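Asker: Can you keep this structure in mind? I'll have questions shortly.
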Amino acid sequence: MKYRTYAAVAEQREIASGIYSLWLTAEQIAGEARPGQFLSLYSRDDSRLLPRPISICEIDRAAGRLRVVYRVAGQGTEEFSRLLTGETLEVLGPLGNGFPLKKKNAFLIGGGIGIPPMVQLAKELREQAEIQIIAGYRDELFLTDELEAEGPLYIATEDGSAGTKGTVLDAIREHSLTADLIYACGPGPMLRALKTYAEERNMECYLSMEERMACGIGACLACVCKSAEVDGHTHVKNKRVCKDGPVFLSTEVEL
């Protein structure tokens, strides 16, 4: 079930250049949320009609709080970055389908702003499966303490300033890592490479798609991706990322 409510800002801070960590108090949403789902955050400026979709990073169900980590990329997210403790923000969630939790040895792979969803996923998986976390950064690191607390962390950076120089797949190869299952979130080129990697090894692979969204609830068809099969809603080879995803089995989508 999803809820539209006003959430109170519990804490906000900048954790890297232009990257913000925001804790929101929203008991009903926190009680329902699962790893891989997202929230739609609404601007207080009436000229910005559409909400901004942001992945859930952590869930504190006992305290009724959720954490989102986002990059300032435009006027909407810049507005959110100025929120202070005690202020309120209109929120809709939890939205979308999250990651299925399976008892298999797994890679948890995040790239850039696709790293935050791996935190809650690692928290919920580590009690039932062996996990290895691979995080890919352009340069500046963030959320490494949270990830290292949940399992072994391997880092790749484009400039070689930390960990493996290159991509997340370069880090996997450098450390001779193996697993039976992949969970991933990140930019399109990374997801395409992981889809190919999984198919070559006959691995089960779940990809969280990063797409621009409008409504966030599947009504507007603004965030469709190409699917392998004909979709029952659109009757073409498309799936709605916000409603049918954002998490898809890699064989369900074409990248």
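The values are calculated or read from the model by the stated rules, or taken from the named source; none is laboratory data. Not measured: the values here are computed from a predicted model. Cβ sites come from the backbone with ideal geometry, for glycine too, and all protein chains shown count toward neighbours. Calculation scope for accessible area: heavy atoms of the full protein, side chains included, ligands and nucleic acids excluded. Shrake-Rupley method; radii C 1.70, N 1.55, O 1.52, S 1.80 Å.
Asker: Run the simple label-point estimate for Ser161 and Glu78 please: 7 Å along Cα→C-beta, distance reported in nm.
Answerer: Distance between the two pseudo-spin positions: 2.3 nm.
Asker: About the Cα centre, and with charges only on the beta carbon of Lys, Arg (+1) and Asp, Glu (-1), how big is the dipole of region 125-174? Nearest 20 debye, please. Intermediate values should be presented prior to the final figure.
Answerer: Details: 4 positive and 12 negative charges, 41 e Å.
Dipole magnitude for region 125-174 comes out near 200 debye.
Asker: Averaging sequence separations of C-alpha pairs under 8 Å and six or more residues apart, then dividing by the length of the chain, give the relative contact order as a whole percent.
Answerer: On the way: 606 pairs, mean separation 43.3, N = 255.
Computed value for the chain: 17 percent relative contact order.
Asker: Mind listing the phi-derived Karplus ³J(HN,Hα) values for region 28-45, rounded to whole Hz, using 6.51, -1.76 and 1.60 with θ = phi - 60°, and x for any glycine or proline?
Answerer: Per-residue couplings from phi come out as 5, 5, 4, x, 9, 5, 9, x, x, 7, 9, 10, 9, 9, 9, 6, 8, 8 Hz.
Asker: Specify whether the C-alpha gyration tensor of the chain places it in the rounded, prolate or oblate class, a ≥ b ≥ c being the square roots of the eigenvalues: rounded for a/c under 1.5, otherwise prolate if a/b is larger than b/c and oblate if not.
Answerer: Cα axes put the chain in the oblate bin.
Asker: Give me the 1.4 Å probe accessible area per residue for the chain, excluding ligands and nucleic acids, in Å².
Answerer: On the way: 11610 Å² over 255 residues.
Result: 46 Å² per residue.
Asker: OK, next. Excluding Val119 itself, what net charge comes from residues whose Cβ is under 9 Å from its Cβ, given Lys and Arg +1 and Asp and Glu -1? Mind dumping the intermediate values first?
Answerer: On the way: positive: Arg67, Lys123; negative: Glu58, Glu146, Glu150.
Summing Lys and Arg as +1 and Asp and Glu as -1 gives -1.
Asker: Considering Cα pairs under 8 angstrom that are at least six residues apart, work out the relative contact order of region 19-135 and quote it in whole percent. Could you put the intermediate results ahead of the total?
Answerer: Working: 217 pairs, mean separation 35.3, N = 117.
It rounds to 30 percent for region 19-135.
Asker: Right, next: Dipole of region 3-107, Cα-centred, from +1 at each Lys and Arg C-beta and -1 at each Asp and Glu C-beta, to the nearest 20 debye? Working shown, then result.
Answerer: Values: 14 positive and 12 negative charges, 122 e Å.
Here region 3-107 has a charge dipole of around 580 debye.
Asker: What accessible area, in Å² to the nearest ten, does a 1.4 Å probe give for Met209?
Answerer: 20
Asker: Another question, if that's okay. Is the shape of region 1-99 best called rounded, prolate or oblate, per the rule: a/c under 1.5 gives rounded, else a/b larger than b/c gives prolate, else oblate, with a ≥ b ≥ c the square roots of the Cα gyration tensor eigenvalues? Spell out each step's value before the answer.
Answerer: Working: a/c = 1.44, a/b = 1.30, b/c = 1.11.
Because its axes are fairly even, with a/c under 1.5, region 1-99 counts as rounded.
Asker: Quick one: Karplus J couplings for region 70-83, per residue in order, coefficients 6.51, -1.76, 1.60, θ = phi - 60°, nearest Hz, x for Gly and Pro?
Answerer: Working through the residues one at a time gives 9, 9, 6, 10, x, 5, x, 5, 5, 4, 4, 5, 9, 5 Hz.
Asker: Amide H to amide H, which residues 5 or more places from Asp180 or on other chains are under 5 Å from it, using H placed in the peptide plane?
Answerer: For Asp180, the qualifying residues are Asn105, Ala106, Phe107.
Asker: Along the Cα→Cβ direction, 7 angstrom out, place labels at Gln128 and Arg48. What is the inter-label distance in nm?
Answerer: Those two pseudo-labels are separated by 3.7 nm.
Asker: I need the peptides 7-19, 84-96 ranked by packing, meaning the mean over residues of other C-beta atoms within 10 angstrom, with the highest value on top.
Answerer: Details: 7-19: 15.3, 84-96: 18.2.
Ranking, from highest mean packing down: 84-96, 7-19.
Asker: Then there's this: Rounded if a/c is under 1.5, else prolate if a/b beats b/c, else oblate: with a ≥ b ≥ c from the C-alpha gyration tensor eigenvalues square-rooted, which is region 128-201? The partial results should precede the final answer.
Answerer: Details: a/c = 1.62, a/b = 1.13, b/c = 1.44.
Verdict is oblate for region 128-201.
Asker: Show me, for region 181-198, the HN-Hα J-couplings you get by feeding each phi into the Karplus relation (A = 6.51, B = -1.76, C = 1.60, θ = phi - 60°), rounded to Hz, glycine and proline as x.
Answerer: 3J(HN,Hα) across region 181-198, in whole Hz: 8, 10, 10, 8, 8, x, x, x, x, 5, 5, 4, 5, 5, 4, 5, 4, 5.
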